[in-house]
Amino acid sequence: MNLTHLRDKPVEWLKGGPEEDVVVSSRIRLARNVDGYPFMTTASARQKAELERLLRNALTPACAGAGLTYLEVHELDTLGRNLLLERRLISRQHAEADWVRGVAFDAGERLSILVNEEDHVRIQSVRGGLRLQEAFERADHFDDIMSRHVPFAFSDQYGYLTACPTNVGTGLRASVMVHLPALSMAQEMNQVLQLAQRQNLTLRGGYGEGTYGAGDFYQVSNKVTLGISETEILETAHSAARQLILMERKTRERLHNDDPQRFEDHIWRAYQLLCSAATISSQEALNLLSQVRMGLQMQVLTWPPKETVNDLFLLTLPAHLQTMEEEPLDGAQRDQLRADFVSQRLSKT
């Protein structure tokens, strides 16, 4: 299936929302497994195929009512899977698995249901800005809908049963993606790590494993799901987000006030390099765009529009760039195309 139509389509979680200068998005993930079937780690190929059919059939009426599209991920080529991965519709594990699997998502890409990932079902709800409660309510609502059609494995003692013990209980993972360029610039990320440790939270790269610090984006999420209520999980994640907002804003102001010329020069250099570079890597583009984004939030820059910068965080990733051409591109070709594309998007003419 050709998914190139998604390339230029903005995603909701990059459009902004409450506290958008620091909190890029809020995400809720619910892990569920079908009662009577083994976990994916021990299920046979036949059982995985049965589960995919069962869950696809259960999703059919729900898809019709919620305007969801279902894709058989195992039928997609590598580029298609990576495109979905970059848009956060599927996980890296889901993209790289070698068994029958699928995903359903709505037109705004605010809701996605992963079939046959680490667990049989993973319901994801994403919102722009700090909107954890709103994201949770949508995921919880869809969980109720699915549970009417599929019996989920549940223990009166432990709660929802999951493939990984860290998800047993509520099966709820609440996370916020935060943009922390000032804390990174001031080399004060140890404060963020300490905050995460104190509140028993996990800190990883904003674009998943292997992207720690890329573009100064980070994901903060709960570690514990057993013996703690959904409300407590949401409150802890929300509290951590509020603290990070305060820390980042104070650091931005301090850096600017301490040496405004150096601070503003740093941002202007990032912008000029994005406009003039002949070749630029994905990592470098993310890092430079991060500085421009902060510059816009601090009103050091009045151009480009924040929507353009937010879009570029996504459109400069490898799979999105690859869809611009009809033939495969190697790394060097992608870097040249990325530089041209960014320069054109940032041009005022």
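The values are calculated or read from the model by the stated rules, or taken from the named source; none is laboratory data. Predicted model, so just to flag it, every value in this text is computed and none were measured. Cβ: placed from backbone, ideal geometry, glycine included. Neighbour counts: every protein chain shown.
Structural remarks
- Within segment 301-330, residues that are under 22 Å from Phe263 (Cβ atoms) sit with their Cβ atoms under 8 Å from residues that are hydroxyl-bearing (Ser, Thr, Tyr) and surrounded by 16 or more Cβ atoms within 10 Å (Cβ to Cβ), at 6+ positions apart or across chains, in these pairs: Leu301/Tyr271.
- Meets criteria (of a type outside the set (Phe, Trp, Tyr), free of Cβ contacts under 8 Å to residues at least 12 places away in the same chain, farther than 30 Å from Glu248 by Cα and in the same structural domain as Val192 (by TED's automatic domain parsing)) for Pro38: yes
Residue by residue, here is whether (1) out of contact with any helix residue (DSSP H, G or I) (no Cβ under 7 Å at 6 or more places or on another chain); (2) among the hydroxyl-bearing types (Ser, Thr, Tyr); (3) surrounded by 14 or more Cβ atoms within 10 Å (Cβ to Cβ) holds:
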{"residue": "His5", "(1), (2), (3)": "yes, no, no"}
{"residue": "Glu12", "(1), (2), (3)": "yes, no, yes"}
{"residue": "Gly17", "(1), (2), (3)": "yes, no, yes"}
{"residue": "Arg29", "(1), (2), (3)": "yes, no, yes"}
{"residue": "Asp35", "(1), (2), (3)": "yes, no, no"}
{"residue": "Phe39", "(1), (2), (3)": "yes, no, yes"}
{"residue": "Ser44", "(1), (2), (3)": "yes, yes, no"}
{"residue": "Glu52", "(1), (2), (3)": "yes, no, yes"}
{"residue": "Glu75", "(1), (2), (3)": "yes, no, no"}
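- Identity of the residue in segment 223-276, surrounded by 19 or more Cβ atoms within 10 Å (Cβ to Cβ) and small (Gly, Ala, Ser), that ends up farthest from Ile28 (Cα to Cα): Ala270
- Taken as a whole, the structure leaves Ala163 outside the set of residues that are closer than 28 Å to Ala240 by Cα and assigned to a helix (DSSP H, G or I).
- Checking the stated criteria, Gln133 turns out to be more than 18 Å from Glu118 (Cα to Cα) and either hydroxyl-bearing (Ser, Thr, Tyr) or in contact (Cβ under 8 Å) with a residue 40 or more places away in the chain (or both).
- Against the list (1) modelled with pLDDT under 95; (2) within 30 Å of Arg252 (Cβ to Cβ); (3) not in a helix (DSSP H, G or I), the condition Tyr70 fails is (2).
- With respect to the stated conditions, Lys348 fails to be without any contact (Cβ under 8 Å) to a residue 40 or more places away in the chain and either closer than 30 Å to Asp77 by Cα or out of contact with any helix residue (DSSP H, G or I) (no Cβ under 8 Å at 6 or more places or on another chain) (or both).
- For segment 273-303, a residue qualifies if it is under 25 Å from Ala319 (Cα atoms), over 22 Å from the mean Cα position of the chain (by Cα) and not β-branched (Val, Ile, Thr), and the qualifying residues are Leu273, Leu274, Cys275, Ser276, Ala277, Ala278.
To keep it simple, each residue is scored yes or no on (1) buried (at least 16 other Cβ atoms within 10 Å of the Cβ); (2) under 27 Å from Ser282 (Cβ atoms).
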{"position": "Ile123", "(1), (2)": "yes, no"}
{"position": "Arg138", "(1), (2)": "yes, no"}
{"position": "Ala163", "(1), (2)": "yes, no"}
{"position": "Leu172", "(1), (2)": "yes, no"}
{"position": "Ser184", "(1), (2)": "yes, yes"}
{"position": "Arg198", "(1), (2)": "no, no"}
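- Among (1) among the β-branched types (Val, Ile, Thr); (2) touching a Gly at 6+ places or on another chain (Cβ under 8 Å); (3) in a helix (DSSP H, G or I) - the single one Thr225 does not satisfy: (3)
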